[in-house]
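Every number in this text was worked out from the coordinates using simple rules, so none of it is lab data. Quantities reported herein were computed from a predicted structural model and do not represent experimental measurements. When we count neighbours, we look across all protein chains shown, and the Cβ atoms used for this are built from the backbone with ideal geometry, even at glycine.
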Amino acid sequence: MNFSMEAQQIISIFCPKSSLAPSIPMVKQPFSLNFAPLDSLSSYPFLQSQNLGFPTGALHAVSFVHKEICSNSWRIRGSKSSSTAELEEDHEVRAQVIVRRKKLAVFVSGGGSNFRSIHEASKRGSLHGDVTVLVTNKSECGGAEYAKNNGIAIILFPKAKDEPKGLSPSDLVDTLRNFEVDFVLLAGYLKLIPVELIRAYERSIFNIHPSLLPAFGGKGYYGIKVHKAVIASGARFSGPTIHFVDEHYDTGRILAQRVVPVLANDTAEELAARVLNEEHQLYVDVVEALCEDRVIWREDGVPLIQSRENPNEFH
Ligand SMILES: Nc1nc2c(c(=O)[nH]1)N[C@@H](CN(C=O)c1ccc(C(=O)N[C@@H](CCC(=O)O)C(=O)O)cc1)CN2
Ligand SMILES: NCC(=O)N[C@@H]1O[C@H](COP(=O)([O-])[O-])[C@@H](O)[C@H]1O
């Protein structure tokens, strides 16, 4: 059977006597994934994008037994395959799979606590990405102050009377491309993202909104205004939503939500604080998934996040 180079490399690690085995460095720490056999392979875009080159038959009996993102390798326990592949019973196959570290741009207009949470997750190593640039429409905002104190580049957008040094939409796109930005994260940014950026970063721009969209979203719904509207409505629950950004305010595909209670005597400020606490955790969880290529699309167009602990689970 004609194996691709990658397949040969994989086999060599666990079938060293195989005639196919060129020598490649053993990965330091094994990974494995508790996966159902084969079908999971096609449902794990990560592997698809790696195009390991295994003939499908060779993986029919193969199930992933474990994987951790930090060491970039897989251990795949092979059992009798339905093809003539060289995988023998109970042999394990470990593959070196590289997840490129992602570059992030964060857009803020205010204090930037979500921006800080994401940057702190990157610094402590739980996030497989780096915040390479901050974009703001307020050069003196808290988020810009934090960026200055942490050596993060700052871009002003858009050009306005109060920010004459602001970029045009096309210059913004060019600048983000020059920074090699992979994902754009809005976190309390209060201006409409232009269509030029949306077209340039398809399915790569995200926003966090402090209500359970589609409720309490759209033009005029930002900051404390959102929480005042939730309380006035009598809603018993609220919480943050992270969604893909399209041309309109808050109408993009929902990716993640969390729920908090609205208490009978809540002030808008108390509810805002409860929601913000959840935002900080939710945005870090979602950006970790983005940086690990764990976002997939259901057949009906709904985006899902694959669990890091159990890749057979989606939420
Ligand atoms: N193209 C998109 N741009 C932005 C989105 C989006 O979903 N698509 N999300 C917003 C963030 N946001 C809610 O999450 C939001 C921000 C601001 C407003 C709003 O009404 N703004 C006022 C101006 C406020 C100001 O300048 O102080 C307005 O446009 O009149 C609504 C929702 C970020 N951009
Ligand atoms: N509609 C947009 C909107 O209201 N965004 C909200 O602005 C706050 C920014 O806080 P932060 O600057 O401390 O991250 C957050 O609560 C975020 O959900």
Percent of C-alpha pairs per 10 Å bin, the range 205-255, short to long: 27, 56, 16, 0
Contour minus Cα-Cα span, LYS219 to ALA160, at 0.36 nm per residue, comes to 19.3 nm
Gain on full stretching of the segment that runs from ARG124 to SER233 - 0.36 nm per residue minus C-alpha separation: 35.2 nm
Distribution of pairwise C-alpha distances over the range 102-305, 5 Å bins, in %: 1, 8, 16, 20, 21, 17, 11, 5, 2, 0
Cα centroid distance between the range 139-203 and the range 290-315, in Å? 28
GLU269 to ARG308: FRET efficiency via 1/(1 + (r/R0)^6), r the Cβ-Cβ distance, R0 22 Å, to the nearest 0.05? 0.05
Extension reserve of the ARG199-ASP174 stretch, reckoned as 0.36 nm per residue once the Cα distance is removed: 7.7 nm
Note, the range 278-292: 3J(HN,Hα) by Karplus (6.51, -1.76, 1.60, θ = phi - 60°), whole Hz, Gly/Pro = x, goes 5, 4, 4, 6, 5, 5, 5, 4, 5, 5, 4, 5, 4, 5, 9
Would you report the distance distribution of C-alpha pairs in the range 133-250 as whole percents per 5 angstrom bin, up to the bin with the largest distance? 2, 11, 19, 21, 19, 14, 8, 4, 1, 0
Average projected area [Cα convex hull, the range 236-315], square nanometres: 6.6
Taking each pair of distinct Cα atoms in the range 168-215 once, what is the resulting Kirkwood hydrodynamic radius in Å? 11.8
What is the distance, in nm, between label points placed 7 Å from the Cα along the Cα-to-Cβ direction at HIS315 and at ILE98? 3.3
